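The values are calculated or read from the model by the stated rules, or taken from the named source; none is laboratory data. Since this is a predicted model, take the numbers as computed values, not measurements. As a convention, Cβ positions derive from the backbone with ideal geometry for all residues, glycine included, and neighbour counts pool all protein chains shown. What goes into the accessible areas is simple: the full protein's heavy atoms, side chains included, and nothing from ligands, DNA or RNA. Shrake-Rupley method; radii C 1.70, N 1.55, O 1.52, S 1.80 Å.
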Amino acid sequence: QRFALKNNNNNISRCQHRGPTTEALQHVLSKLRLFKPIMYCRYMVKVSSEKERASLLCAKALASRGRLDAVSQQMTFHPQYLESFLRAQHYILHMDGPLPLHYRHYIAIMAAARHHCRYLVSLHSAQFLRVGGDPLWLQGLESAPPQLRHLDHINKVLAHQPWLSAHSHIQELLKTGEQCWSLAELVQAVVLLAHCHALCSFVFGSGTEGDPPLTPRAAPHGTPPGYCYCDAANGNGAAPLPPPLVTSLDRTARRRSLDSSCEMVCVRERTHKMQEEKERRGEHLLNSQTNLYTDTVEEEELVSAADPARFITDPEFGYQEFTSREEDHFQVFRVQDYSWEVHGFSLVNRLYSDIGHLLDERFRKVASLPSPCEPDLMRAIWNYIHCMFGIRYDDYDYGEVDQLLKRNLKLYIKTVTCFPDATKSPPCPLSWAPLKPDEKVHVNLLIMEARLQAELLYALRAITQYMIS
């Protein structure tokens, strides 16, 4: 526009041989001056929309789930990343795929239980029931179908020592039989396991574990839900504003009004079955009492199912320091030999349509988040996490890790990455005081995505080895 106005006379002189065109051009140029305020307003609307993106994403999450979960509240500091995270998570849990919906949520329960993440176990237990899952399965892993129980070993390995993943594990799951897995089903299960393992690190690192997803209650010592205990430990009073208190009746009404039609059908069917059972025993209740009792029973089922220990075998198995000694038969994972960009992306996208693009968008978004810290520091955090899992980059000088990452920051990263459930007891070792809330979330997002990619690399490499063997 400015170019056209500045060169108004030149443009007109060049067009004088077209009489009517010159007059039309003069008319258009005169109108452009009137459009300046309008174009400015459009620009302001665009900027305002960028600032309000987080609010819109929260509204979508609220409408789809009946409440704004604590994880989304934390991620609203980075709406550009939150959008890609919600899109990928929704695709994995709810969109078309080889696994039925109740299988997906049960796998998520198994993954979260490995890190004793009661928050995610309770959340997916509720969703498992809403999509028609058998409540008996929530009594423990031994009550689940054999096909799901067979997934326990790779769940354990990926959660704690992913470098132990081997093509023999894949072969065992894919062998012929009634309870075997198809290759497409296994790929979706592996993606879901890695997603939930990494999300456990974010939950504990951000203090979200202190905000139960089902029964709202005050956090210890009067701290609001979602408040990171690291802030209190370090004397930092800056904390996210607590969400409005929600009573059980408010939550019940909101859930009934906002749940999807599928969820409502499941609730109605469960209510109808319970009414029939009551009538057989000669107990007749009013509709309102029946609805209230149904919700109470659901809550009791969820509370009893929220114990992660029910879904864990071999609880002593955990993270151990990675070693490259020959006697241990561990070899360093060279990214130059098997990388996400060249190998992992193409394989997962071929076996589980479109998930590669969604995961790749998450990795790119977290790498491009604005930060006052130097890019070298962000890369050092990413490579340090991969190094703890035995993944090395030949073109990176690992001396920068010790130079850029202070001791307390390295201790925090290692704790949240490798022992996320351990952050429940001791204060977070990272001194949060000099960091702003969005910077705290940024560090936790880097931890989550780096861990997610590390697990996927090991799992997908094992699948590749099985396919070519």
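General remarks:
- Residue match in the range 412-422 (condition: at pLDDT below 95 and within 21 Å of Ala166 (Cα to Cα)): yes
- The number of residues in the range 164-184 that are part of a helix (DSSP H, G or I) and either polar (S, T, N, Q) or surrounded by fewer than 21 Cβ atoms within 10 Å (Cβ to Cβ) (or both) comes to 9.
- Residue check, Gly140 at positive phi, over 19 Å from the mean Cα position of the chain (by Cα) and open to solvent by less than 10 Å² (accessible area, probe 1.4 Å): yes
- The lone exception for Ser353 - which of (1) open to solvent by less than 30 Å² (accessible area, probe 1.4 Å); (2) not in a helix (DSSP H, G or I) it fails: (1)
- Residue list for the range 362-381, restricted to those being open to solvent by less than 40 Å² (accessible area, probe 1.4 Å) and assigned to a helix (DSSP H, G or I): Arg362, Phe363, Val366, Leu377, Met378, Ala380, Ile381
- Test: Val342 is of a type in the set (A, V, I, L, M, F, W, C), over 27 Å from Thr76 (Cβ atoms) and open to solvent by 50 Å² or more (accessible area, probe 1.4 Å): yes
- Between Arg451, Arg461, the distinction of being of a type in the set (D, E, K, R), open to solvent by less than 40 Å² (accessible area, probe 1.4 Å), modelled with pLDDT of 95 or more and in contact with a helix residue (DSSP H, G or I) (Cβ under 8 Å, 6 or more places away or on another chain) belongs to Arg451 only.
- Test for Leu158: is it out of contact with any strand residue (DSSP E or B) (no Cβ under 8 Å at 6 or more places or on another chain), surrounded by 16 or more Cβ atoms within 10 Å (Cβ to Cβ) and farther than 21 Å from Glu321 by Cβ: no
- The single residue among Val303, Val342 that is hydrophobic (A, V, I, L, M, F, W, C), assigned to a helix (DSSP H, G or I) and modelled with pLDDT of 90 or more turns out to be Val342.
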